[in-house]
Each structure stands twice: as structure tokens, then as C-alpha cells.
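A.B. asks: Just dropping this structure here.
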Amino acid sequence: MSESETQPSFLPELSAEETQAAPAPLGNKRVCVIGSGFGGLALAIRLQSAGIATTVVEARDKPGGRAYVWEREGFTFDAGPTVITDPASLRELWSLSGHDMAEDVELLKVSPFYRLNWPDGVTFDYSNDEASLNAEIAKVNAADVAGYQEFLAYSAGVYRDGYQRFGAVPFLDFKSMLKAAPTLIQHQAWRSVYSMVSRFIDDEKLREAFSFHTLLVGGNPMTASAIYALIHKLERDGGVWWARGGTNRLVAGMVRHFERLGGTVRLGDAVTRVHTIGNRATEVETACGWRESFDAVASNADLMHTYRDLLRGTRRGAHYARKLARKRFSPSLFVVHFGLEGTWPGIPHHTILFGPRYEGLLADIYQHGVLPADFSIYLHHPTVTDPGLAPPGRSTFYALIPVAHMGKLAIDWEQMGPVLEKRVLDEVGRRLIPDIHDRIVTKFHYAPRDFALDLNAHLGSAFSLEPILTQSAWLRAHNRDDEIGNFYLVGAGTHPGAGIPGVVASAKATAGLMIEDLAG
């Protein structure tokens, strides 16, 4: 690979008129961001918008990190994430430089947000239309309509205090945690999301309906802090959205905007080492031999990979890697991507097919580390919103189930993958598409081993550190390293956590630190 920037092949080149020189560099400072996930790109845009010359280095052939994309036989398959919430936090990345996100990305409303389905045939359409949502609740248990209003008030409180107030604020010392303590106590953050939902809602199906969201950020509803109930208010206020063309087009739009501002992207060249002198990061080296000096370095890579591998040979890298090894990491995922002959206007964009168990299934995944015979499925059907993701008369899907990470579940995924793939497709067929196997045009699966190999994800975890109270805020990896003063973190492993809103908020927190430090 040449040492010049690499234009992503799936993006049109910017014309001279479209290219906007960034503001004068902040003291001629240069920064490297390792990894082009949503957090890394959001950070890079913020830095470049502030006039700091920023280079993003990505190991894979396309940007996006976990938000990767495959194109097979005319079908577009997004790796994820597939639920876009809090669009205002994304639009802000463009407005920093006087641009409009609509220049590069078209967002489409998704309604209902999710259709929830249980094995006994009960369905629940989840949306932010108050009358419709109350009717859906009443259909299951009329007595819970009033309880839902109390839960909504609680969710609004933790959204205000936990997300709007502290979501983009870095927790760098214990004093910052103490400042947040009254809020945590007020909202009973030591309780689980499921426990808090159960305080207001009696029906078991509705308890599942209003607590499953933590799974979307790697958390067990039975153990994730009740603070994560804020997700309900986040969705209710901001809605659920889809980027036309797929999540990959949101990534592409972010890259396009970053390059418009003068930023540089290097693809297909993995960072192999962050060199340090004393307590300062000095240079970044890649697999092809490229090596550059920077005033600051930020990592959007996996936490363990960052400290164990990229900072290998340093005292700090070895010490923190040992500390990370003792922490609890989120589960992995098993995803079956498939393209079908035919269209299904009756299957919404997002469907949750609950299995016969809830708490027991979660315990098997998060605690026992077994592969259970039953499972719950998140079914993604983007062509009902965006038909262009498949050839005419065909449909794109993926079916996802959470599975224990490889530290708990040590099985041969090359052997087990095809078996589990068939089981998942059989269940989708039994519940929704009876002749699914006859209609399959193309299919493939993505397993924990793939997360580990493609993304350097520790134990194949799909969401980095598990979101529990004792791994939140100051107790999570810090946005700025404690010892290497110009080395920073962004993404799911640092505050506030996983999910698009979480990693974009982490970018805001980290960018604020970097800009202040570089200006000092």
C-alpha cells in the first residue's frame, strides 16, 4: 500500500468544489485515530472540524469496524448495528462545520420500532406513538397502562441525568464519580433494568418488552444497571431510523464528510504498534511498514488488543491488559445473513422472536456459558423499508442470536456454525416463513470466532465490556489513559458504552479532552 491516503472504493470521489479545507490546524497538531468504527469516525470528524489534522487508520478493506458490509448476488448485507437512534447526535457532526447531514446521508423512519412476538402467538408493536403503544399494552394487560406511564417518567429521569447530563462527560478520576453518585442513588442505579421495569409493570411479557433493549448494547437485562432504562426515552424522543442504502451508507457519509474537511483515511493497513517514549505516545506503525509521528493517538480498536498488542512492550500496556483480563466482557453474537426469493410486507423492519425462556436463557448466555437448545432471535428485514438492498422481488434478512463469548463457550465454531445456522433458519421458518429453505438465494453466517479474527475482539465479544454498574463511568476504561498522557480511547470500551449513541457520545467526551490538551 502506498503512503498516500486511500479513497474508500465504495465512495464517489469528492470534487475539488466539494473539498473544504479544514480550519487552520490547531498549532499544527497532528492526530491519529486507530479504527474507523462509528466512535473513531465521530472523533475524527470532531478533531478535523476543530482544525486538527487527523488521520484514520483502518485494518479492514472498508471503513466501519463492526458496521461492515458485504455485497453478494445483488444483496446488501450490513453487519450492524442496524438500529439508529438519537439522530441529533449524528447531525451535530456535520453542523460543527456548517454542513447538513442530509448532504451525505438520508435517514428513513422505521415504524413500528420493533414487533415483539412470543411462542404462544402474542405480538406487540413497539413504537413512540402514545395512543398506539398504550393500545398495545392494554392488549396484553390493561392494568399495566398506568404502570407504563410511571416507568416512562422514570426512564425520562435517567435519560436526562444519565445521558444528557453525563453521557458525553469524561470520568477521569474518582471525584468525577462522586459527583455522579447522587444521581445514581436517586435513580437506584444498583438495581437491574428488569428489576426496575418489574417495579412498575406486572405482566411478564411486558416486562420483557420494556427490558430487552440492554441486549442491543451487550447487557443482560437481569444485571445491567437500571440507568440503561434511559434507552426507552431515547427511542421515544428521537425515534428509530434507517440510513437509505444500509448502515454502511451512514459510515460512507461520515467518511465523505471527514475527507471533505481535509481528513485522511488509510484502509487495509492494520496498526501493529503504538510507539512510546516515557509517558508519551510518539509514533504509529502499520503492517505495511508505514510509520508516522503524531502529537496524540486515539484508539477505537478493541480494548484488550489496544493494550496487550498495540502497546506491547510498555509497562502501561502490560499492566492494564492484566487488569482488563479480570473484567467481565459482553457476550458475542451468532448472525445468519440470508437473501430470499419473494417479498414480505407483513414482516416489519425489526422483529424480536422471543423464545420460551427469558431469565433462564439469559443466565445460560451470561453466566453458564452453554449453547442452549432454545433461543430468542432478533430478525432484521431492511428491504421492507429500503427495497434497494436486494434485487427486484427479493428480500434481505439477518437473524441474530446472542451467544456466550469464547471465554465461556469453548466450541469449534467451524463445526458448530452450519448446525446452528440451520437451527436459526428453521425457527424463522416455523414462526414466519414456512418455505424459507426453498426460497434462499444466498446465505452465510458470522460467529464469535469471526469477531475475534476480523475485529481483534477479545474473546469474540461483540460489545466490549459488559455494561454493569461496576464497569460504568469512572469504573470503565477512561477516555484518556491514566499514564500515557496523549493516548486516548473512544468507542464501546470507554464511557459511556456501546451502541451508536454511546460511541458517538464517547467521541464527544474524548474530543473535548484532546482539543483542550492539544491547545494547552
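The values are calculated or read from the model by the stated rules, or taken from the named source; none is laboratory data. Bear in mind that the values here come from a model prediction, so they are computed numbers and not experimental data. No Cβ is skipped: glycine too gets one built from the backbone with ideal geometry, and neighbour counts run over all protein chains shown.
A.B. asks: Between Pro182, Pro87, Pro170, which is within 22 Å of Pro501 (Cα to Cα), surrounded by fewer than 21 Cβ atoms within 10 Å (Cβ to Cβ) and not acidic (Asp, Glu)? Lay out the reasoning, then the answer.
C.D. replies: Details: Pro182 fails: within 22 Å of Pro501 (Cα to Cα); Pro170 fails: surrounded by fewer than 21 Cβ atoms within 10 Å (Cβ to Cβ).
On inspection, the qualifying residue turns out to be Pro87.
A.B. asks: Report, ordered by the first and then the second residue, all pairs with beta carbons closer than 8 Å, sequence separation of six or more or different chains, a first member in the range 351-366 that is farther than 23 Å from Gly429 by Cα, and a second member that is in a helix (DSSP H, G or I).
C.D. replies: Note: pairs meeting the criteria are Glu359/Tyr194.
A.B. asks: Condition first: within 26 Å of Thr264 (Cα to Cα), part of a strand (DSSP E or B) and under 17 Å from the mean Cα position of the chain (by Cα). Can you find one or more residues in the range 95-109 that meet it?
C.D. replies: Keep residues of the range 95-109 that are within 26 Å of Thr264 (Cα to Cα), which gives 95-107.
Then keep just the ones that are part of a strand (DSSP E or B); that gives 107.
With under 17 Å from the mean Cα position of the chain (by Cα) added as a condition, the list becomes none.
No: the range 95-109 contains no residue that is within 26 Å of Thr264 (Cα to Cα), part of a strand (DSSP E or B) and under 17 Å from the mean Cα position of the chain (by Cα).
A.B. asks: Now, a different point. Among the listed residues Glu3, Glu18, Glu13, which satisfies the condition of being over 28 Å from Trp241 (Cα atoms), outside the structural domain of Asn479 (by TED's automatic domain parsing) and either at pLDDT below 95 or more than 17 Å from the chain's Cα centre (by Cα) (or both)?
C.D. replies: On the way: Glu18 fails: over 28 Å from Trp241 (Cα atoms); Glu13 fails: over 28 Å from Trp241 (Cα atoms).
On inspection, the qualifying residue turns out to be Glu3.
A.B. asks: Restricting the range 27-73 to residues that are among the hydroxyl-bearing types (Ser, Thr, Tyr) and crowded, with 24+ Cβ neighbours inside 10 Å, which is farthest from Phe334 (Cα to Cα)?
C.D. replies: Residue satisfying both the conditions and the ranking: Ser49.
A.B. asks: Among (1) more than 20 Å from the chain's Cα centre (by Cα); (2) within 21 Å of Phe451 (Cα to Cα), where does Arg394 come up short?
C.D. replies: Failed condition: (2).
A.B. asks: Just for the range 273-291: of the residues that are of a type in the set (Ser, Thr, Tyr) and in contact (Cβ under 8 Å) with a residue 60 or more places away in the chain, which one is farthest from Tyr307 (Cα to Cα)? Working first, answer last.
C.D. replies: Going residue by residue through the range 273-291, those that are of a type in the set (Ser, Thr, Tyr) are 276, 282, 286.
The next check asks that each one be in contact (Cβ under 8 Å) with a residue 60 or more places away in the chain; those that pass are 276, 286.
Working: Thr276: 12, Thr286: 16 Å.
Per the stated criteria, the residue is Thr286.
A.B. asks: Further question on the same structure: Is it the case that Ala88 is small (Gly, Ala, Ser) and free of Cβ contacts under 8 Å to residues at least 40 places away in the same chain? Don't jump to the end; show me each part of the working.
C.D. replies: Working: small (Gly, Ala, Ser): yes; free of Cβ contacts under 8 Å to residues at least 40 places away in the same chain: no.
Taking the combined requirement at face value, the residue does not satisfy it.
A.B. asks: Something else now. Please find, among Lys233, Lys175, Lys205, the residue that is free of Cβ contacts under 8 Å to residues at least 12 places away in the same chain and either touching a Phe, Trp or Tyr at 6+ places or on another chain (Cβ under 8 Å) or farther than 29 Å from Val122 by Cβ (or both). Show your work before the answer.
C.D. replies: Details: Lys233 fails: free of Cβ contacts under 8 Å to residues at least 12 places away in the same chain; Lys205 fails: free of Cβ contacts under 8 Å to residues at least 12 places away in the same chain.
Unique residue meeting the criteria: Lys175.
A.B. asks: Go through the range 451-493 and report how many residues are hydroxyl-bearing (Ser, Thr, Tyr) and at pLDDT 95 or above.
C.D. replies: Here is the first cut: in the range 451-493, the ones hydroxyl-bearing (Ser, Thr, Tyr) are 461, 464, 470, 472, 488.
Next, only the ones that are at pLDDT 95 or above stay: 461, 464, 488.
Counting residues in the range 451-493 that are hydroxyl-bearing (Ser, Thr, Tyr) and at pLDDT 95 or above gives 3.
A.B. asks: Which one is nearest to the chain's Cα centre (by Cα), of the residues in the range 230-250 that are closer than 14 Å to Gly499 by Cα and in a helix (DSSP H, G or I)?
C.D. replies: Let us first name the residues in the range 230-250 that are closer than 14 Å to Gly499 by Cα, namely 230-232, 234-235, 240-241, 247.
Next, from what is left, pick out any that are in a helix (DSSP H, G or I): 230-232, 234-235, 247.
Values: Leu230: 16, Ile231: 13, His232: 16, Leu234: 15, Glu235: 15, Thr247: 11 Å.
Here the residue is Thr247.
A.B. asks: While we're on this one: What residue, among those in the range 260-283 that are part of a strand (DSSP E or B) and of a type in the set (Lys, Arg), is farthest from Leu455 (Cα to Cα)?
C.D. replies: Applying the first criterion (part of a strand (DSSP E or B)) to the range 260-283 yields 264-266, 271-277, 280-283.
Those still in the list that are of a type in the set (Lys, Arg) too: 266, 273, 280.
Numbers: Arg266: 16, Arg273: 16, Arg280: 26 Å.
Taking the candidates together, the pick is Arg280.
A.B. asks: Within the range 434-460, track down each residue that is hydroxyl-bearing (Ser, Thr, Tyr) and under 18 Å from the mean Cα position of the chain (by Cα). Can you show your working first?
C.D. replies: We begin by selecting, within the range 434-460, every residue hydroxyl-bearing (Ser, Thr, Tyr); these are 442, 446.
Residue satisfying the conditions is Tyr446 alone.
A.B. asks: Restricting to the range 302-356, name every residue that is within 22 Å of the chain's Cα centre (by Cα), in a loop (DSSP other than H, G, I, E, B) and either over 30 Å from Glu73 (Cα atoms) or not assigned by TED's automatic domain parsing to the domain that holds Pro372 (or both).
C.D. replies: Matches in the range 302-356: Asp302, Lys327, Arg328, Ser330, Pro331, Phe354.
A.B. asks: So Asp309 passes all but one of these: (1) closer than 19 Å to Leu216 by Cβ; (2) surrounded by fewer than 20 Cβ atoms within 10 Å (Cβ to Cβ); (3) not basic (Lys, Arg). Which condition number does it fail?
C.D. replies: With respect to (1) closer than 19 Å to Leu216 by Cβ; (2) surrounded by fewer than 20 Cβ atoms within 10 Å (Cβ to Cβ); (3) not basic (Lys, Arg), Asp309 is out only on (1).
A.B. asks: Within the bounds of the range 351-359, is there any residue that is among the hydroxyl-bearing types (Ser, Thr, Tyr), buried (at least 16 other Cβ atoms within 10 Å of the Cβ) and closer than 30 Å to Val271 by Cα? It would help to see each step written out before you state the result.
C.D. replies: Residues of the range 351-359 among the hydroxyl-bearing types (Ser, Thr, Tyr): 351, 358.
Okay, now just the ones that are also buried (at least 16 other Cβ atoms within 10 Å of the Cβ), so 351, 358.
With closer than 30 Å to Val271 by Cα added as a condition, the list becomes none.
Within the range 351-359, none of the residues are among the hydroxyl-bearing types (Ser, Thr, Tyr), buried (at least 16 other Cβ atoms within 10 Å of the Cβ) and closer than 30 Å to Val271 by Cα.
A.B. asks: Which condition does Leu420 not pass, out of (1) in a helix (DSSP H, G or I); (2) touching a helix residue (DSSP H, G or I) at 6+ places or on another chain (Cβ under 7 Å); (3) buried (at least 18 other Cβ atoms within 10 Å of the Cβ), if it passes all the others?
C.D. replies: (2)
A.B. asks: Please enumerate the residues belonging to the range 48-94 that are among the charged types (D, E, K, R) and assigned to a loop (DSSP other than H, G, I, E, B). Break it down stepwise before answering.
C.D. replies: Taking the range 48-94 first, the residues among the charged types (D, E, K, R) are 58, 60-62, 66, 71-73, 78, 86, 91-92.
Residues satisfying the conditions are Glu58, Arg60, Asp61, Lys62, Arg66, Glu73, Asp86.
A.B. asks: Now for a different question. Take the residues in the range 397-433 that are of a type in the set (Val, Ile, Thr) and within 21 Å of the chain's Cα centre (by Cα); name whichever of them is nearest to Leu216 (Cα to Cα).
C.D. replies: Just the residues of the range 397-433 that are of a type in the set (Val, Ile, Thr), to begin with: 401, 403, 411, 419, 424, 428, 433.
Then drop every residue that is not within 21 Å of the chain's Cα centre (by Cα), which leaves 401, 403.
Details: Ile401: 11, Val403: 13 Å.
Selected residue: Ile401.
A.B. asks: Filter the range 108-155 down to the residues that are of a type in the set (Lys, Arg) and in contact with a strand residue (DSSP E or B) (Cβ under 7 Å, 6 or more places away or on another chain), then identify the one that is surrounded by the most Cβ atoms within 10 Å (Cβ to Cβ). Can you show your working first?
C.D. replies: Of all residues in the range 108-155, those of a type in the set (Lys, Arg) come to 109, 115, 139.
If we keep only those that are in contact with a strand residue (DSSP E or B) (Cβ under 7 Å, 6 or more places away or on another chain) too, we end up with 109, 115.
Values: Lys109: 11, Arg115: 20.
Per the stated criteria, the residue is Arg115.
A.B. asks: Just checking, which of Arg244, Arg280 is basic (Lys, Arg) and either assigned by TED's automatic domain parsing to the domain that holds Ala156 or under 30 Å from His213 (Cα atoms) (or both)? Step through it out loud before you land on a result.
C.D. replies: Numbers: Arg280 fails: either assigned by TED's automatic domain parsing to the domain that holds Ala156 or under 30 Å from His213 (Cα atoms) (or both).
Only one candidate passes the filter, namely Arg244.
A.B. asks: Still on this structure, please answer the following. For the range 470-485, how many residues are within 17 Å of the chain's Cα centre (by Cα) and surrounded by fewer than 17 Cβ atoms within 10 Å (Cβ to Cβ)?
C.D. replies: Number of matching residues: 0.
A.B. asks: Kindly provide the set of residues from the range 110-128 that are under 27 Å from Arg249 (Cβ atoms) and either among the acidic types (Asp, Glu) or assigned to a strand (DSSP E or B) (or both), ordered by number.
C.D. replies: From the range 110-128, those under 27 Å from Arg249 (Cβ atoms) are 110-115, 125-128; that's our starting set.
Listed by number, the residues that qualify are Tyr114, Arg115, Asp125, Tyr126.
A.B. asks: So, one more: For the range 56-74, name all the residues that are of a type outside the set (A, V, I, L, M) and in contact with a helix residue (DSSP H, G or I) (Cβ under 6 Å, 6 or more places away or on another chain). Don't jump to the end; show me each part of the working.
C.D. replies: If we filter the range 56-74 for residues that are of a type outside the set (A, V, I, L, M), which is where we start, we get 58, 60-66, 68, 70-74.
Result: Pro63, Gly64.
A.B. asks: Does Arg115 meet the test of being over 29 Å from Leu206 (Cβ atoms) and not assigned by TED's automatic domain parsing to the domain that holds His350?
C.D. replies: no
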